[in-house]
Amino acid sequence: MPTRRFLLASAVPAILSAPAFAIPADSFHSFLNDVRAEARRAGVRPATLDRAFAGVEPNQKVLERDRRQPEFTLTWARYRSLVITEKRIIAGQQAMAANRALFQRVQQRYGVGSGIIAGIWGLESSFGTGTGDFRVVEALATLAWEGRRASFFRGELMAALKILDHGDVAPSGMTGSYAGAMGQPQFMPSSYLRYAVDFEGNGRRDIWTSTADVLGSIANYLAQSGWRAGQTWGQPVTLPPGLDPLGSPQARDAKRPLADWVQAGVRPAGGRWAATAETPTRLVAPDGPGGETFAVFGNFAAIRRYNPSDFYAIAVGLIGDQVLV
């Protein structure tokens, strides 16, 4: 989901404060009138627009977050220590135990491993406990009016209005992050329209309060992103002396049969290989030579379509492996 939100937004809180900005309300209300007209042309009912925009004003906190993104660089080791915590693993194991039958039904329908679904659920919202409390319509309207990526957010605002018009959620229940990522899986509205499912079977796609719809929607996203049933994401490995996973001829994006890497001296860090000898495999060393290295397989790319970060995808895989124990 390359444009969904920033790389570490689900794991690392904003650490900088921001000054206040002057907000010309008249300009904002004129902008909303223009959006209303566009939405009506797209078939959104006037009553829906009245409910969606009731009380909506420029949100100062949204602008502050958008304009003062913290600028810092994390190593993989530091990122791992922040997101793969004992507390999160225990919470994940408890969530798995409480919803075991549901996870099995979702896996059976979509072919996506329960651990990976739980890994994304855990990173995005700590298993549903931290989904964001911004009103999505107000946040998106603010960013579409005055944000750095106004065109993108206007498109997401239109998608949000279509969701409301369909009746899946009320405006008061459509909450999420300051950038409009919604509910427990943190879908942007356009992703919701493509991937959210009514796994519960009650006629609504509820990614805010329905665990069944949350898990089903995450699984559907991965299934439509190329996830291959019965295969894993990757595993930690050890390298022989002198093998640089980032250098030629073992370039970063080079995929070779796993057997080739085995012949070069790559070994699983513990236990057995999780893939067959012919499986296309590449090596990922997120902190560079000398740091942890992972052999990743085709399903790793499906996770990266959810969030285009090696850090994120590895963390999802490792959390998923641990919560299944």
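All of the numbers you see were taken from the coordinates with simple rules; none came from a lab. If you're wondering where the values come from, they're calculated on a predicted model, not measured in any experiment. All Cβ positions, even for glycine, are placed from backbone atoms using ideal geometry, and neighbour counts span all protein chains on display.
The packing ranking of peptides 40-46, 203-209, 99-105, highest mean first, is 203-209, 99-105, 40-46, where packing means the average number of other beta carbon atoms within 10 angstrom of each residue. Amide H to amide H distances under 5 Å link residue 187 with 182, where only residues 5 or more positions off or on other chains count and H is placed in the peptide plane. Give the label of the value calculated from the structure for volume of the Cα convex hull per residue in Å³, choosing from (i) 139; (ii) 147; (iii) 158. From the options (i) 139; (ii) 147; (iii) 158, the structure gives (i). Under 20 Å from a label point set 7 Å out along the Cα-to-Cβ vector of residue 170, the amide N atoms of the stretch 188-229 belong to 202-211. Computed over the chain with a Gaussian network model linking Cα atoms closer than 10 Å, the most mobile of 173, 122, 113 is 173.
Across the stretch 175-181, rounded Karplus estimates of 3J(HN,Hα) from the backbone phi angles (6.51 cos²θ - 1.76 cosθ + 1.60, θ = phi - 60°) give 10, x, 7, 4, 9, x, 6 Hz, Gly and Pro being marked x.
Note on the stretch 90-240: dipole from Cβ charges, positive end direction compared against 175, 187, 158; the farthest Cα belongs to 187. Basic side chains Lys and Arg get +1 at the Cβ, acidic Asp and Glu get -1 at the Cβ, and with that the dipole of the stretch 189-325 about its Cα centre reaches some 260 debye. Each Lys and Arg adds +1 at its Cβ and each Asp and Glu adds -1 at its Cβ; summed about the Cα centre, the chain shows a dipole of about 420 debye.
R0 = 30 Å: FRET efficiency of residue 272 with residue 194, Cβ-based, nearest 0.05? Once the sixth-power term is evaluated, E becomes 0.25. A simple packing score, the average count of other Cβ atoms within 10 Å per residue, orders the peptides 130-142, 188-200, 27-39, 281-293 as 130-142, 188-200, 281-293, 27-39, with the highest score first.
Rounded to the nearest Hz, the phi-derived 3J(HN,Hα) couplings of the stretch 48-58 under the Karplus curve 6.51 cos²θ - 1.76 cosθ + 1.60 (θ = phi - 60°) are 5, 5, 4, 5, 5, 9, 4, x, 6, 9, x, where x marks glycine and proline.
Here the label points at residue 104 and residue 54, each 7 Å from Cα along the C-beta direction, are separated by 4.4 nm in the simple model.
Here the Karplus curve 6.51 cos²θ - 1.76 cosθ + 1.60, taken at θ = phi - 60°, turns the phi angles of the stretch 201-216 into couplings of x, 9, x, 10, 9, 10, 8, 9, 10, 9, 4, 4, 5, 4, 5, x Hz, with x standing for Gly and Pro.
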